[in-house]
Amino acid sequence: MKIAKENKADYLEIASSLAKGFAKTAIERDKRGGTAKFERDLLRESGLLSLMIPKSLGGKGEDWKTVLQLTRELAKVDGSIAHLFGYHFLSMTSVHLFGSPFQKEKLYKETAEKNLFWGNAFNPRDENLLLKKENSQWILSGKKSFCSGAMDSSRLLISAKSGFDLPVIAVIPTNRKGIIIQDDWDSFGQRQTDSGTVIFNEVLLKNEEVLDHYEQDLQGLFPTLRTHIAQTILVHVMLGVAEGAFEEAKNYTKNVTRPWLTSNVEDATSDPYTIRHYGELFVQLKASEALAQNAADALQYVWGKEWTLTEQERGECGITIATAKVSVAKTALEVTNRMFDVMGARATSARYQYDRFWRNIRTHTLHDPIEYKIRDIGNWALNSKVPEITPYS
């Protein structure tokens, strides 16, 4: 289904239509793991991968709020596909953060024209990818872990350790000679994000592929927004997964669950304890939804500031995102656990794979420790201190 018009309602309609199709194979694909090639191709064909590319460069000219809304919609049925979709934009827009106007124009136009899917070999905590100069050529050697979306991508955003003060950041074709994407992602959750290892075996890196952020003001804060983008994407993936779990549970309770023998009610939907569970979970979801929306609004605001962004503005945005992440993570764990209380013993059957919702959430909550988010929030609430700038805050 391709985009015929150009407004937010149409984009959401496309994402919802895709999600319905993804839902039909979600259980089977969760069991299988591996690469969601068919689903990724549908995303390519939909035109949604160019949402944030300016219209002048062949894209749709949309903003982060639209991308996050669609990410959340996809996550209701498939946390892995939503993760890949969101991280495509994280990698692609990094060109705007780190690259020159010429590089941005070239790569954005190419992405829009060819429906390119972006992946990454960027993990900032993994310093096992080295850049060295040999015979006047730049050579990449080593490996990167947690490379979400690298498999079946067309472009890779990479970071490599070098002699510079900062890591070198570059964009290269995924099919470049010497790049080996290993099929070694075996997490119990987010089974199809392909977040495994990428090996670089003496890979040539061309000068024009290095993003020109070194020529810009190194004191500028705009490039550090990549952290906020990643965190906000994860917030919306987790929220979508939790909402999807809630709807699955509700459908099961209405159509399958039997009332307990001493409940004195005719159907499970009249059980006062079941009703209480749904009421409590609904309140938590709505609170988390509001905080996630705040995070999306805050991200869009600082994104628009670009190189005029101040440390205070960045810090306050980070607190807004961290607050949303803590709330959404706790709510999502609660929903994906307590959903079994309202469905009953039969819902644990392997044919339903309802535990996939919890497994996806638990995997995401370990991306970076929630405890450190709470520490940052507390330090802000008590001492008005903004978080330290790191790859995760």
Taking 4 °C and 1.567 mPa s as the conditions, I'd like the Stokes-Einstein D for the chain in µm²/s, using the Kirkwood hydrodynamic radius from alpha carbon pairs. 59
Using a cut-off of 17 Å between alpha-carbon atoms, which aspartates and glutamates can reach Lys104, once sequence neighbours fewer than 8 places away in the same chain are excluded? Glu62, Asp63, Glu113, Glu208, Glu209, Asp212, Glu215, Glu306
At 10 °C in a medium of viscosity 1.306 mPa s, the stretch 8-117 has a Stokes-Einstein diffusion coefficient, with Rh taken as the Kirkwood radius over alpha carbon pairs, in µm² per second, of 111
Listed here are the pairs Lys37/Lys250; Lys109/Lys325; Lys31/Lys325; Lys132/Lys177; which of them are more than 24 Å apart at the Cα? Lys37/Lys250; Lys109/Lys325; Lys31/Lys325
Pull up the DSSP beta bridges for the chain and report the antiparallel fraction as a percent, rounded to 5. 80
Excluding residues on the same chain fewer than 8 positions from Lys254, give the lysines whose Cα lies under 24 Å from its Cα. Lys20, Lys24, Lys76, Lys286
Relative contact order for the stretch 8-117, counting Cα pairs under 8 Å that sit 6 or more residues apart, in percent: 31
For the stretch 33-50, in residue order, the Karplus 3J(HN,Hα) values (coefficients 6.51, -1.76, 1.60; θ = phi - 60°; whole Hz; Gly and Pro = x) are x, x, 9, 8, 4, 4, 5, 5, 5, 5, 5, 4, 5, 5, x, 6, 5, 9
Quick one: length gained pulling Glu208 to Asp165 fully straight, 0.36 nm per residue minus the C-alpha distance? 13.5 nm
Phi angles of the stretch 167-183, converted by Karplus (6.51 cos²θ - 1.76 cosθ + 1.60, θ = phi - 60°) into ³J(HN,Hα) in whole Hz with x for Gly and Pro, give x, 7, 10, 8, 10, 9, x, 5, 8, 4, 4, x, 8, 10, 9, 7, 8
Determine the equivalent ellipsoid of the stretch 121-215 by diagonalising the alpha-carbon gyration tensor, then write out the semi-axes as square roots of 5 times the eigenvalues, largest first, rounded to whole Å. 23, 13, 12
Cβ charges +1 (Lys, Arg) and -1 (Asp, Glu), total dipole of the stretch 245-357, debye: 380
Computed lengthening from Asp10 to Lys286, 0.36 nm per intervening residue step minus Cα-Cα distance: 96.9 nm
Kirkwood-Stokes translational diffusion coefficient of the stretch 244-393, alpha-carbon pairs, 25 °C, 0.890 mPa s, µm²/s: 140
List, in order, the whole-Hz ³J(HN,Hα) value for each residue of the stretch 340-351 obtained from phi through the Karplus relation with A = 6.51, B = -1.76, C = 1.60 and θ = phi - 60°; use x for Gly and Pro. 6, 5, 9, 9, x, 4, 5, 5, 7, 4, 4, 5
Residue-count net charge about Leu129 - beta-carbon cut-off 10 Å; Lys, Arg +1, Asp, Glu -1: +1
Working from Cα positions, state the angle (0 to 90°, nearest 10) between the long axis of helix 101-114 and the longest principal axis of the chain. 50
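Readers should treat all values here as calculations from the given coordinates under stated rules, not as data from a laboratory. In this text the structure is predicted, and so the values were computed from the model without any measurement. So basically every Cβ, Gly included, is an ideal-geometry build from the backbone, and we count neighbours across all protein chains shown.
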